[in-house]
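Reading through the structure tokens given below for one structure.
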Amino acid sequence: MLELSKQFRFDAAHTLDREIQAESSRRIHGHSYRAEITIRGWPDPRTGMILDLGEFERALEGARDALDHRFLDEINDLGPATMENLCLWIWRRLKPDIVALARVAVHRDSSGETCTFDGVEG
Ligand SMILES: Nc1nc2c(c(=O)[nH]1)N=C([C@H](O)[C@H](O)COP(=O)(O)OP(=O)(O)OP(=O)(O)O)CN2
Ligand SMILES: [Zn+2]
């Protein structure tokens, strides 16, 4: 099998309830995120592609628009705006349009943090 990935970046604000650094985390603050979306499959013999990158990009646009320059706390079906929930949210958003979806990773490069979801729940 082959894997093909595409990325998009988004900047967003949130608050977070946590046990440590509670006060600063509860204040509205922002992060720069990079989402990396991976599909898995075999190229169509005629086109040589698993999925045309143009179509891939179009499928990602809606998710990016819904996250970029947003206050993540206001996204109803996200839950606490953690990297984990962002991964799950992006997966749920893309899966209906991208059948070959294999993995969603959310990175915060400035702090060296990554969360990855491969579609297996629980
Ligand atoms: N398991 C998780 N833990 C935490 C998450 C998360 O998404 N998943 N997120 C946060 C917060 O977003 C927090 O703002 C990050 O805090 P921290 O890593 O402590 O770093 P700073 O507050 O210094 O933020 P900078 O990214 O350096 O600006 C916490 N935990
Ligand atoms: Zn934060």
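Take M83, M49 and sort them by solvent-accessible surface of the protein heavy atoms, 1.4 Å probe, largest at the top.
Working: M83 20, M49 80 Å².
My answer, sorted largest first, is M49, M83.
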Under 5 Å, built H, 5+ apart or other chain: amide partners of R70 = A13
Between the Cα axis of helix 53-67 and the main Cα principal axis of the chain, the angle (0 to 90°, nearest 10) is 20 degrees
Helix axis angle, 83-94 relative to the chain longest principal axis, alpha carbon, degrees = 40 degrees
Hits in region 58-72: amide N under 20 Å from the 7 Å Cα→Cβ extension of D17, namely 71-72
Name the residue, out of E19, E36, E61, whose mean-square fluctuation peaks in a Gaussian network model built on the chain with Cα pairs under 10 Å.
-> E19
Helix-derived mean residue ellipticity, 222 nm - over the chain, DSSP H n ≥ 4, -39500 (n - 2.57), to 500 = -8000 deg cm²/dmol
With Cα springs under 10 Å, the Gaussian network model of the chain assigns the largest mean-square fluctuation among T82, T47, T15 to T47
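Per the 1.4 Å probe, what fraction of the accessible area of the chain, in percent, lies on carbon and sulfur atoms? Don't skip to the end; give the middle numbers.
Numbers: 3590 of 7630 Å².
It is 47 percent, rounded to a whole number.
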Of the convex hull drawn through the C-alpha atoms of the chain, the volume per residue in Å³ is 113 Å³
Accessible area per residue, 1.4 Å probe, Å², for region 6-62: what's the number?
-> 66 Å²
Heavy atoms of R26: accessible area, 1.4 Å probe, square angstrom to 10 | 140 Å²
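The values are calculated or read from the model by the stated rules, or taken from the named source; none is laboratory data. Treat the numbers as computed from the prediction; the structure is a model and nothing was measured. FYI the Cβ positions are ideal-geometry reconstructions off the backbone, even for glycines, and counts take in every protein chain you see. With ligands, DNA and RNA removed, areas are computed over all heavy atoms of the protein, side chains included. Shrake-Rupley method; radii C 1.70, N 1.55, O 1.52, S 1.80 Å.
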